[in-house]
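The values are calculated or read from the model by the stated rules, or taken from the named source; none is laboratory data. What you are looking at is a predicted structure, and each value in this text was computed from that prediction instead of being measured. For neighbour counting, all protein chains shown are included, and Cβ atoms are generated from backbone atoms with ideal geometry for every residue, glycine included. Side chains included, ligands, DNA and RNA excluded: accessible areas come from the protein's heavy atoms. Shrake-Rupley method; radii C 1.70, N 1.55, O 1.52, S 1.80 Å.
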Amino acid sequence: MIETTMATAQRQFDIAAELLDLEPEVRDLLRSPRRELIVHFPVKLDNGRVRNLTGYRVHHNITRGPTLGGLRLQSAATLEEMQALAMWMTWSCAIVQIPYGGAKGAIVCDHRELSSGELERIIRRYVTEITPLIGAERDVMMPDLNTNEQTMAWVMDTYSMHHGYTMPSVATGKPVQVGGSQGHGQGTARGLCYTVRQAASKIGLDLAGARVVMQGSGTTGRLVLQFLAEMGCQIIAASDDNTGVVAETEAGIDVAALIEHRRTTDGVANLAGTKPISHNELLELPCDILVLAAGQNDISGANAGRVQAKIVVELANGPITPTGDSILANKNIMVVPDILANAGGIVVSYFEWVQGLQEFFWTEREVHGELSTTMERAFNEVFTVAQERFVPLRTAAYLLAVDRVVRAMAMRGIYP
């Protein structure tokens, strides 16, 4: 039986809590969000009708600073999923030493059914509804599933209108013209590739010619493919929401052709030089690096034993169940966990937040350089803990992150 997202997040936390010998009251506090807000609001559609929508905003922890978290548009979004994603954000921020806690938000809708005008009205009304929770010193939004820099511009403008002056640091991932940072759109993908480079070096894997399987090839996934190809990797298979393809020759997939094919057809099917493959078969292909960039619980006890990668990297949140984790660990497959691997977007969001507060902006080269330094330092700190404690990278990452949050809690004390 596949566990719920929140159950998975809590089990991962519980492993670290046990190893850290945390007090029961501390465990209870960190297993649940600090606060949750559910809003129901009406929006007028283009045809004049009114549609009632539901939105969520969850704060997991505020000990180390204001919260940071994405806003997603998702027809299947649930409060339980937002709770788990907010918790994972707390640990990601702690791992990369960014002074935030974790948050997450969602509006329950299918963005594909909405016009640009309808989307704008929905975003602006949602922001209005949750205004008491957000702000540059309270809760900072960033793009997530089906949201982008235009969405963040609407978030910033709506919040600013409510306060009577421009407040750019309430949202990150904005267009550069309204206070966004150079390089933000590439932050998550570049951050993941920096961790791949470090992981490969630890097991003696040469990235030149390393065979990569990419599960999922959305916007960020395509950037990852591009950057890995530039690092010398050979892409042998890729997938979208509906199907997968595997290269027909040892030369691998032409990444530029794949990106163009996805742009024009919105999928990978019928890509020249490839043949179809099922999602399950793709996960089990012999390869050096498997990047999981699709959904949750894709590797579980049912299929983990057939995974043949040397390194598995989680771009998506929660793609491996705890049972799957144990099996991969027993097979000595290195798993770079989501709370570390996909933290590059968090890091660059922090850079944008700082730049907005200071009104002093960096070059793209400076952003990439600082991101590289931050991600490589974080990976090496996690790897060191893994070596010292004889645990997998995920457990090491949790040990490091949870310990940092708990220490901050102890230093701040309990009010009153």
Q: Please state, rounded to one decimal and in Å, the Kirkwood hydrodynamic radius that segment 112-268 gives when every pair of distinct Cα atoms enters the mean of 1/r.
A: 17.9 Å
Q) Please state the relative contact order of the chain as a whole percent: Cα pairs under 8 Å, 6+ residues apart? A) 16 percent
**Q.** Overall dimensions of segment 269-364 as given by Cα atoms, namely Rg and Dmax in Å
**A.** 17.5, 52
(Q) Here are a few candidate values for Rg and Dmax of the Cα atoms in Å: (1) 32.9, 114; (2) 20.8, 67; (3) 23.0, 71. Which one was actually calculated from the structure I just gave you? (A) (2)
Q. In µm²/s, what is D for segment 98-178 at 4 °C and 1.567 mPa s, where D = kT/(6 pi eta Rh) by Stokes-Einstein and Rh is the Kirkwood radius from Cα pairs?
A. 100 µm²/s
Q | Listed peptides 47-57, 237-247, 92-102 by packing density, highest first (mean Cβ within 10 Å) | A | 92-102, 237-247, 47-57
Q.
As a test of the formula, what do you get for the chain when each DSSP H run with n ≥ 4 contributes -39,500 (n - 2.57) and the sum is divided by the residue count, at 222 nm and rounded to the nearest 500 deg cm²/dmol?
A. -14500 deg cm²/dmol
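Give me the percent of the accessible area of segment 354-416 that comes from carbon and sulfur atoms, probe 1.4 Å, all protein chains in place. If you can, show how the numbers build up before the last one.
Working: 2090 of 3800 Å².
Answer for segment 354-416: carbon and sulfur cover 55 percent of the accessible area.
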Q. Can you list, bin by bin at 5 Å, the percent of alpha carbon pairs in segment 83-131, starting at 0?
A. 5, 18, 19, 14, 15, 15, 11, 3
Q: Determine one quarter of the surface area of the Cα convex hull of segment 330-403, which equals its mean projected area, and express it in nm² to one decimal.
A: 5.8 nm²
Q. Could you give the accessible area per residue of segment 151-228, probe 1.4 Å, as a whole number in Å²?
A. 34 Å²
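When ranked by the protection proxy of mean other Cβ atoms within 10 Å per residue, highest first, what sequence do the peptides 206-212, 114-120, 371-377 form?
371-377, 206-212, 114-120
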Q) What part of the accessible area of segment 1-99, given as a whole %, is carbon or sulfur when the probe is 1.4 angstrom? A) 50 percent
